[in-house]
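Okay, so here's the structure we're looking at.
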Amino acid sequence: MLANSIKQFGKASLRLPTFLAAGISLSLLACNATLTPAATETPKSADAFVDSVGINTRLSYTDWPTATNWDNPDPAQNIRQLLANTGIRHVRDRIPNPSLEPNITYVNPRLAQLYRDHGIRFLSGIDTRNGNILDASKVQSYVDWYAKGTIPLDGQTIPVRSLLAATEGPNEYDMHHQQNLRDPNWSSNLRAYQTAIHQKVRAQSALSSMPILMPSLVHTAYCESPLGSLANVSTFGNLHSYPNYPYMRHPASNLGWHLDKVTACMGTKKSWVTETGYFTKSGNNKELNEATAAKYTSRLLAEYFRSGKVSRTYLYNLATGGVDGWGLIAAQKTSTTVNGWQQYNLRPKPAYHAVKSLNKLLGEATWSKTEKRWNAPAVNLRAINLSFEGKNENTRHLLLQKSTNRYYLLLWQEVESFNPTQGNFTPSPDNVTVVLPAGSRPQALHKYNAQFTFGRHSLEGSSSRLSLDVPDSVVVLEFIPPAQ
């Protein structure tokens, strides 16, 4: 994660009147506006978008609700159930090695339970240090654990390899904001350590095809100097692209910078964003509030996926133990204990509901506990002609398709909704005419309500030209194109 000093800086059909209230007007007659040329656009899989979403959990932090509230009998206060309910399939967390981390091996059955019951798989790094210096002598122990280790769970034996989606190099070893404490030979030692990870992982047949991420950096520009290329020892880049400088900003504010800088490490290879997210603070309009963070978080997932250069995005964090701060869930410590663990009172933030709603709307794959695999229907991605009238340059779109031949057009304004001068605010909507292929059948517009769950506004019977007010949050136009 980012240095603590930085994290705390803050790391039924509707009648016409209701339709209009939802920001929709229907163009049923000829329009005098000039039609922009229709562009042929190939959608991406809607389920692939859901599969790109991950989250950091830190289950080994014994004073965080991610550990304490695991067995809470109330589903609304059970952190495992809250995680599963998001529809997130990927978690970044350690899988403790019993020989090196015996004091936190209570985590392993919990990880195995997430995998067995919900199909969640893990990105788990290799980062062993002697004091403040990387110690490659322990890399083999982790590789052996990942390749051959097993976890007992309710009479079953779960291979560690089944849980593991990928591994990554050391976490933020550049210590950009604590340079007085970092290894003076950090860049050469980091390259050597990443090379050792790559060699030992690839030497294990069980791990030979597993993705290996480059080390994460606080300051991605170090890829240009002094770190240099890691493309021959890494499958993907690794970004911590927090949009938090000089204040909590909109998702696209710095993504391009990170993607540009990481090319010196990875060339044309894609990246995983293993940490990003928003720090919220209540009761002060000069700080990012929870509603704005919800807008930004859902836009961030769409913006990163839309880039074509980010394969997976892990939000930071599920819950960190405070009402204010990082995470999708606010938590406040109570005097209640469950199985010896002091409990937190958990309250999902609006961003939690925003992410959950997106995943629920767009996901298709189902987890089979017996087969231990995700079953996703095949999607025959079919290009369509799509055009817009009056769309400003900051209004973005992402076209997705399900196996049912339903298309989902995500639209949002990629603009500021907060700055220290204005505080949290709502920009004016952008009125955009969406021109679908002739013969398309619009089905619904999905818009976030005040709680950031999607409300479905029926469009059945409307024309293939729709005038929409696009806000600074994600809206989703669901439609069926004409048959070919």
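The values are calculated or read from the model by the stated rules, or taken from the named source; none is laboratory data. This structure is a prediction, so every number in the text was calculated from the model and none was measured. Heads up, the Cβs are rebuilt from the backbone with ideal geometry, glycines too, and the neighbour counts pull from every protein chain shown.
Okay, here's what the table says:
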read-out	value
Subset tally (residues that are aliphatic (A, V, I, L, M) and part of a loop (DSSP other than H, G, I, E, B)) for the range 77-111	3
Count of residues meeting criterion [more than 30 Å from Arg116 (Cα to Cα) and either of a type in the set (D, E, K, R) or surrounded by 13 or more Cβ atoms within 10 Å (Cβ to Cβ) (or both)] in the range 144-187	11
Residues of the range 409-424 satisfying the condition of being part of a loop (DSSP other than H, G, I, E, B) and either closer than 15 Å to Tyr278 by Cα or in contact with a Phe, Trp or Tyr (Cβ under 7 Å, 6 or more places away or on another chain) (or both)	Glu416, Ser417, Pro420
Every residue from the range 335-358 that is more than 17 Å from Asn317 (Cα to Cα) and either part of a helix (DSSP H, G or I) or outside the structural domain of Lys295 (by TED's automatic domain parsing) (or both)	Ser357, Leu358
Residues satisfying the stated conditions in the range 146-176, i.e. outside any helix (DSSP H, G or I), out of contact with any His (no Cβ under 7 Å at 6 or more places or on another chain), closer than 12 Å to Met210 by Cβ and not polar (S, T, N, Q)	Leu164, Ala166, Glu168
Filtered residues of the range 425-451 (kept if part of a strand (DSSP E or B), of a type in the set (A, V, I, L, M) and closer than 24 Å to Gly363 by Cβ)	Val434, Ala444, Leu445
Residue in the range 425-440 that is surrounded by 19 or more Cβ atoms within 10 Å (Cβ to Cβ) and of a type in the set (Phe, Trp, Tyr) present	no
Residue under evaluation Asn405, criteria (1) within 16 Å of Ala46 (Cβ to Cβ); (2) in the same structural domain as Asn285 (by TED's automatic domain parsing), criterion not met	(2)
Matching residues in the range 287-328 - criterion: being charged (D, E, K, R) and either crowded, with 19+ Cβ neighbours inside 10 Å or touching a Leu at 6+ places or on another chain (Cβ under 9 Å) (or both)	Glu287, Glu290, Lys295, Arg299, Glu303, Arg306, Lys309, Arg312
Residue within the range 341-353 that is of a type in the set (Lys, Arg) and farther than 24 Å from Leu409 by Cβ present	yes
Residue under evaluation Lys349, criteria (1) farther than 24 Å from Tyr61 by Cα; (2) basic (Lys, Arg); (3) in contact with an Asp or Glu (Cβ under 8 Å, 6 or more places away or on another chain), criterion not met	(1)
Counted residues, the range 459-484 - those being buried (at least 16 other Cβ atoms within 10 Å of the Cβ) and in a strand (DSSP E or B)	11
Criterion: crowded, with 24+ Cβ neighbours inside 10 Å, of a type in the set (A, V, I, L, M, F, W, C) and part of a strand (DSSP E or B) - qualifying residue of Val262, Val273	Val273
All positions within the range 329-344 that are polar (S, T, N, Q) and either buried (at least 17 other Cβ atoms within 10 Å of the Cβ) or on the phi > 0 side of the Ramachandran plot (or both)	Asn339, Gln343
Pick from the range 96-143, criterion within 29 Å of Met175 (Cα to Cα) and of a type in the set (Asp, Glu), ranking: surrounded by the most Cβ atoms within 10 Å (Cβ to Cβ)	Asp127
Residue in the range 278-292 that is part of a strand (DSSP E or B) and either in the same structural domain as Ser60 (by TED's automatic domain parsing) or modelled with pLDDT of 95 or more (or both) present	yes
Residue in the range 103-120 that is farther than 19 Å from Asp154 by Cα and small (Gly, Ala, Ser) present	no
Residues of the range 161-181 satisfying the condition of being aliphatic (A, V, I, L, M) and over 19 Å from Arg121 (Cα atoms)	Met175, Leu181
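Yes or no, residue by residue, for (1) among the basic types (Lys, Arg); (2) closer than 29 Å to Asn284 by Cβ; (3) surrounded by 15 or more Cβ atoms within 10 Å (Cβ to Cβ):
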residue	(1), (2), (3)
Lys349	yes, yes, yes
His353	no, yes, yes
Ser357	no, yes, yes
Leu361	no, no, yes
Pro377	no, no, no
Ser387	no, no, yes
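Conditions tested, residue by residue: (1) under 25 Å from Ala48 (Cβ atoms); (2) within 25 Å of the chain's Cα centre (by Cα).
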{"position": "Ala383", "(1), (2)": "yes, no"}
{"position": "Arg396", "(1), (2)": "yes, yes"}
{"position": "Phe418", "(1), (2)": "no, yes"}
{"position": "Asn424", "(1), (2)": "no, yes"}
{"position": "Thr433", "(1), (2)": "no, no"}
{"position": "Pro442", "(1), (2)": "yes, no"}
{"position": "Lys447", "(1), (2)": "yes, yes"}
{"position": "Ser462", "(1), (2)": "no, no"}
{"position": "Leu468", "(1), (2)": "yes, no"}
